[in-house]
1. Would you be able to tell me the number of residues in region 176-185 that are outside any helix (DSSP H, G or I) and open to solvent by 70 Å² or more (accessible area, probe 1.4 Å)?
2. Quick one: in region 25-53, of everything that is of a type in the set (S, T, N, Q) and either within 30 Å of residue 132 (Cα to Cα) or part of a helix (DSSP H, G or I) (or both), which residue is most open to solvent (accessible area, probe 1.4 Å)?
3. Go through 321, 408, 331 for me and flag whichever is surrounded by fewer than 24 Cβ atoms within 10 Å (Cβ to Cβ) and not polar (S, T, N, Q).
4. Quick one: is residue 51 within 30 Å of residue 339 (Cβ to Cβ), among the hydrophobic types (A, V, I, L, M, F, W, C) and free of Cβ contacts under 8 Å to residues at least 40 places away in the same chain?
5. If I filter region 70-92 for residues that are at pLDDT 85 or above, crowded, with 21+ Cβ neighbours inside 10 Å and closer than 21 Å to residue 176 by Cβ, do I get at least one hit?
6. Can you go through 56, 22, 95 and tell me which one is surrounded by fewer than 20 Cβ atoms within 10 Å (Cβ to Cβ) and either part of a helix (DSSP H, G or I) or in contact with a strand residue (DSSP E or B) (Cβ under 6 Å, 6 or more places away or on another chain) (or both)?
7. Taking the options 227, 188, name whichever one is assigned to a loop (DSSP other than H, G, I, E, B) and over 24 Å from residue 164 (Cα atoms).
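The values are calculated or read from the model by the stated rules, or taken from the named source; none is laboratory data. Since the model is a prediction, treat every value here as computed from it, not as a measurement. Here the Cβ positions follow ideal geometry from the backbone for every residue, glycine too, while neighbour counts run over all protein chains shown. The protein model used for the area step is the full one, side chains on, heavy atoms only, and it has no ligands, DNA or RNA in it. Shrake-Rupley method; radii C 1.70, N 1.55, O 1.52, S 1.80 Å.
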Amino acid sequence: MDNGAKTVSWSDLPRKDQLFSITLTRLSEPLVQTSLQSYLYYMLKWFDPTLPGSVIASQAGILHASFTGAQFLTAMIWGQLADSPRFGRKTVLMIGLGGTMISSLGFGFSTTFWQALIFRCIGGITNGNVGVLRTMISETVQEKKYQSRAFLLLPMTFNIGSIIGPVLGGILSDPAGSYPELFGHIMFFQRFPYATPNILSAFFLFCAILNVWLTLEETLDDRRDRFDSGLALGRKVKTWFSRKHSEAVYTQLPTEDTTLPLVENDGTLTPASSSSQSTVIVDGPTKPKRGRRKYTQRLPFRRIFTPNVCFTFLASLLLGFHLGTFNSLWFIFLSTPVYDPSKGAESPHALPRNPPFIFTGGLGLRPREVGLAMAILGVMGITLQLAVYPWLSARLGTVRSWRIFLMFFPFTYFIVPFLSLVPSRSPPPAAKDGITVWVAIVAVLTFHVIGRTFALPAQTILVNNCTPHPSVLGAVHGIGQSVSSLARTIGPVTGGFFYGLGLARGVVGAVFWFLGGIAICGFVASLFVHEGDGHEIWLEGDEEEE
């Protein structure tokens, strides 16, 4: 392992301004996606109060999968558009954020399941941002020694969203029912009880669009030298806020240049005092100098699928399948009513209750409690990502750490359903409560978060580095997002169906144990993956980057 990787810190990362802008761009979307998870079960119940829990579980799986399913159909297209000089990375990002903003508003004002489904699909069709953001990180931070931290930014940002989003969703959903003394008489909240968190989400997305337009630089080679009106306006806004009236731009000087530049000092130009002076002020929008391109030809699409690319995508498919399914089932399981012995199982065809494997029921938590449980997952994840992942990844290596922590998932999925058997302070049908219940929730989440924290960034790095040629980097990330979206579409739909079936038949844990089997298959697939260098295939005209 490169010794340099062991000493890299967050402060060593290059282009921190652009990485910060990318991070803010990514933050808006998990805020939206995780916010609705805290109240989705109750929103579906509000659509039709007569629906049993098994049907609601299936509908929740469909809504969860509709976004990723639509992404699967279009992510590859967005990846190719992001690679094209006509669109580029930045334009595709703004389209994705705008579509998600419209989707969020429409979802919040939906009054039927079908309306909600349509707006979720609109959000997915227009959004291929994850793959584009990964591509931009790769083009901004090209040295491998920085990748363990740079590629950690997106999953870390997702965990931040997982902390804030569910809490906001739980607090802001159904204000008339949650805070009747304050909002119970307001007709708007009675008619649209779940609009408030989505209006806030739309505001976050609008801010993200402004952030991309004003601060984010284009990283596609063919568009780097074009005038960017958003960046120009962003510089003017920054100058105005900093109370500076000069539009001068600073340009790095070559270190080997022995000519002392002129620098501005109190309105006059004077020579630099030493060779350590590294900047010069020039009038007008001077462009920073860039090295020569590494390639002049584009790799044909059919040649993208090398054996390593195929096995990497297969491992990504299986990881996305069980992670997406668990994420959709977890909040439904937390919201599912506790098994009540006085009423028995939901269906007369249920098997007789016979633990440790034949049992049913959930934890019955309310939206605010579901939001808290989701936030716990995010807090633990970001703590591990900041404090442990870069250090451990540098010592174990990307592939080795990825394989080790993939094995945390089968154990997690095996023990999850047993939370419904943990003794509660309040008897059924009251929701599970008490210190024992929350200790058990935290213990289960700990195993899951450890696996996710180490597996997801490594998976992203491996997808990035399996790219056979730099000219198809955006396309590979687009395909990778399509593969992940396909898995996160099939998983929640089938998982929701089988969860509802297990709930009705008295074996609520069956679907989780099935996910454990999928996670084991994912580990087996990882054994055939190796870490590439992003340039496995060389074409005529390719050259080393200066």
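1. Restricting attention to region 176-185, the residues satisfying the condition of being outside any helix (DSSP H, G or I) are 179, 184-185.
Then keep just the ones that are open to solvent by 70 Å² or more (accessible area, probe 1.4 Å); that gives 185.
Of the residues in region 176-185, 1 are outside any helix (DSSP H, G or I) and open to solvent by 70 Å² or more (accessible area, probe 1.4 Å).
2. Step one: list which residues in region 25-53 are of a type in the set (S, T, N, Q), which gives 25, 28, 33-35, 37-38, 50.
This time we only want the ones that are either within 30 Å of residue 132 (Cα to Cα) or part of a helix (DSSP H, G or I) (or both), so: 25, 28, 33-35, 37-38.
Details: 25: 1, 28: 5, 33: 39, 34: 4, 35: 5, 37: 16, 38: 1 Å².
Among residues in region 25-53 that are of a type in the set (S, T, N, Q) and either within 30 Å of residue 132 (Cα to Cα) or part of a helix (DSSP H, G or I) (or both), the one most open to solvent (accessible area, probe 1.4 Å) is 33.
3. Details: 321 fails: surrounded by fewer than 24 Cβ atoms within 10 Å (Cβ to Cβ); 331 fails: surrounded by fewer than 24 Cβ atoms within 10 Å (Cβ to Cβ).
Going through 321, 408, 331 in turn, just one is surrounded by fewer than 24 Cβ atoms within 10 Å (Cβ to Cβ) and not polar (S, T, N, Q): 408.
4. On the way: within 30 Å of residue 339 (Cβ to Cβ): yes; among the hydrophobic types (A, V, I, L, M, F, W, C): yes; free of Cβ contacts under 8 Å to residues at least 40 places away in the same chain: yes.
It is true that residue 51 is within 30 Å of residue 339 (Cβ to Cβ), among the hydrophobic types (A, V, I, L, M, F, W, C) and free of Cβ contacts under 8 Å to residues at least 40 places away in the same chain.
5. Within region 70-92 (the criterion being at pLDDT 85 or above, crowded, with 21+ Cβ neighbours inside 10 Å and closer than 21 Å to residue 176 by Cβ), the answer is no, since none of the residues qualifies.
6. Details: 56 fails: surrounded by fewer than 20 Cβ atoms within 10 Å (Cβ to Cβ); 22 fails: surrounded by fewer than 20 Cβ atoms within 10 Å (Cβ to Cβ).
95 is the lone residue from the list that is surrounded by fewer than 20 Cβ atoms within 10 Å (Cβ to Cβ) and either part of a helix (DSSP H, G or I) or in contact with a strand residue (DSSP E or B) (Cβ under 6 Å, 6 or more places away or on another chain) (or both).
7. Numbers: 188 fails: assigned to a loop (DSSP other than H, G, I, E, B).
Answer to the selection: 227.
To keep it simple, each residue is scored yes or no on (1) at pLDDT below 95; (2) acidic (Asp, Glu); (3) buried (at least 23 other Cβ atoms within 10 Å of the Cβ).
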position	(1), (2), (3)
478	yes, no, yes
504	yes, no, no
507	yes, no, no
520	no, no, no
